[in-house]
Amino acid sequence: MATILITNARIVTLRGAAGPRRGSALRDLGVIDNGYVRVDHGRITAMGPGEPPKAVADDAVGDLIDAGGSVLMPAFVDCHTHACWAGSRVDEFERSLAGATYLELLRQGGGIMSTVRAVRAAGEEELAVDLLRRLAGMAALGTGCVEIKSGYGLTTTDELKMLRAIHAASLMVPQTIVGTFLGAHAIDHANPRFVEEVINETLPAVVQEFPEIVCDAYCEEGAWSRDDTVRLFEAAIELGCPLRVHADQFHSLGMTRIAIEMGAVSVDHLEASSAGDLQLLAESSTFGVVLPCCAFHLNDAYPPGRQFIDAGGALAIATNYNPGSAPTPSMPFTIALACRRLGLTPAEAITCSTYNPACLLGLQEEVGSIAVGRVANLQLLDASDERELAYEFATAGPLLVILSGELIHSRAVDLGEAEADEEEDEEA
């Protein structure tokens, strides 16, 4: 494993008080104006302001990278994705351009159920290979930790197939991967016992193979009802599963308050949350997760990110990468939208895409910040000011990405070689 020394960097460390950041703490990025970071055996072993001490610089450095004043920051933590799927929903996208809504497509047997049919027809290896391709694209855009949900199987056999594919892919990538059970993603109307089977058969089978896995549900009109979601969550708690829930995407059904009472780790979406529910969520220990790319793709109904932060909430932002409502792997674009449409500042958006989601996933001692002992998940931006991450959009992504201490992506130009080439051209 390579030894890497990065010098002359503006380091956005995200160091600060332990626990999720709220309020003004979201804007404190722990910046070192000019400093160095050393990586050995996949972890950060030294860092600080100015030039590295002689002992750090001289001790068997493999790769020496002069950042030239560019921003070095943690790789992104994408805490809400559905990146494991099969098939395509391009045809439904075209129908949506003609006016069909997301819920209409779902009621017509499309939407989630369209992908369910494709996943059921796919093998575990095919799912893993497709997922690996998507993860490579996410890594090139600076994402070093990814949460991935099941939910396109909707039978015990196919949900387990998805979770096994996610696990298999996790062993072949430098990213940190977290799998989540989302058997309650939709209602399979072809199976009159579907809800009972998910609660009484699929959930126990999943927990037997993946103990303490997070249990998620999509509580929405046309999907899981509030009462059935509560029944599922009660069973999940008995089996030792933490809870997360998709709620208030299109309708406020009261699930946000119940999720808080049940101790859910997060409530995700929040586009249709009432002011009262949003305030309760902000005052609780439950995270709010907003997914601006979903609103961009579907209906421009953006969640109230600014209001949630001002109310004191623990916020995270994520891509929601999936084939139907958010077909994008890009955390940089998610940040750009969060600032333009949700009212976040660039600093808040950076914290909400790195350190806070790491806390949500229980990985804050490993990823989401730059500190000695942390996993070396780093990205070097093509910018000398971290605010450019929000200011620009649809860019080529970071100059360098280092995951688990390995340089896995580079589009940097060696300026020294470029200058030498220019001199040779002039002499010629």
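The values are calculated or read from the model by the stated rules, or taken from the named source; none is laboratory data. Please read all numbers here as calculations on a predicted model, not as lab measurements. Positions of Cβ are backbone-derived with ideal geometry, glycine not excepted, and every protein chain shown enters the neighbour counts.
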Looking only at region 156-198, which residues are acidic (Asp, Glu) and either within 19 Å of Thr143 (Cα to Cα) or in contact (Cβ under 8 Å) with a residue 24 or more places away in the chain (or both)? Asp158, Glu159, Asp188, Glu197
For region 127-151, what are the residues that are closer than 20 Å to Phe210 by Cβ and within 14 Å of the chain's Cα centre (by Cα)? Leu135, Cys145, Val146, Glu147, Ile148, Lys149
Out of all the residues in region 184-236, which are farther than 17 Å from Tyr152 by Cα and aromatic (Phe, Trp, Tyr)? Phe210, Phe233
Selection within region 175-189 - among the hydrophobic types (A, V, I, L, M, F, W, C) and touching a Cys at 6+ places or on another chain (Cβ under 7 Å): Phe181
Given the condition of a type in the set (Gly, Ala, Ser) and not in a loop (DSSP other than H, G, I, E, B), answer yes or no: does some residue in region 100-111 qualify? no
Starting from region 210-232, take each residue that is closer than 21 Å to His80 by Cα and list its partners that are surrounded by 18 or more Cβ atoms within 10 Å (Cβ to Cβ) and of a type in the set (Ser, Thr, Tyr), counting only C-beta distances under 6 angstrom and pairs at least six apart or across chains. Val214/Thr180; Asp216/Thr180; Ala217/Thr229; Cys219/Thr229; Trp224/Tyr218
Can you spot a residue in region 26-35 that is farther than 14 Å from Ser369 by Cα, in contact with a strand residue (DSSP E or B) (Cβ under 8 Å, 6 or more places away or on another chain) and either among the polar types (S, T, N, Q) or surrounded by fewer than 22 Cβ atoms within 10 Å (Cβ to Cβ) (or both)? yes
Checked pairs for region 285-314, first on the phi > 0 side of the Ramachandran plot, second modelled with pLDDT of 95 or more, C-beta under 6 Å and 6 or more apart or across chains, list as Gly312/Arg22; Gly312/Gly23; Gly312/Ala282
Which residues, taken from region 118-149, are among the small types (Gly, Ala, Ser) and in a strand (DSSP E or B)? Gly144
How many residues of region 168-189 are part of a strand (DSSP E or B) and under 17 Å from the mean Cα position of the chain (by Cα)? The answer is 7
Under 8 Å by Cβ, and 6 or more places apart or on different chains, what pairs join a residue from region 66-88 that is farther than 15 Å from Asn8 by Cβ with one that is among the basic types (Lys, Arg) and surrounded by 24 or more Cβ atoms within 10 Å (Cβ to Cβ)? His80/Lys149; Thr81/Lys149; His82/Lys149; Cys84/Lys149
Only one of (1) under 28 Å from Gly179 (Cα atoms); (2) surrounded by 18 or more Cβ atoms within 10 Å (Cβ to Cβ); (3) not basic (Lys, Arg) does not apply to Gly19, and that is (2)
How many residues are over 21 Å from Ser404 (Cβ atoms), outside any loop (DSSP other than H, G, I, E, B) and among the hydrophobic types (A, V, I, L, M, F, W, C) if we restrict to region 45-99? 5
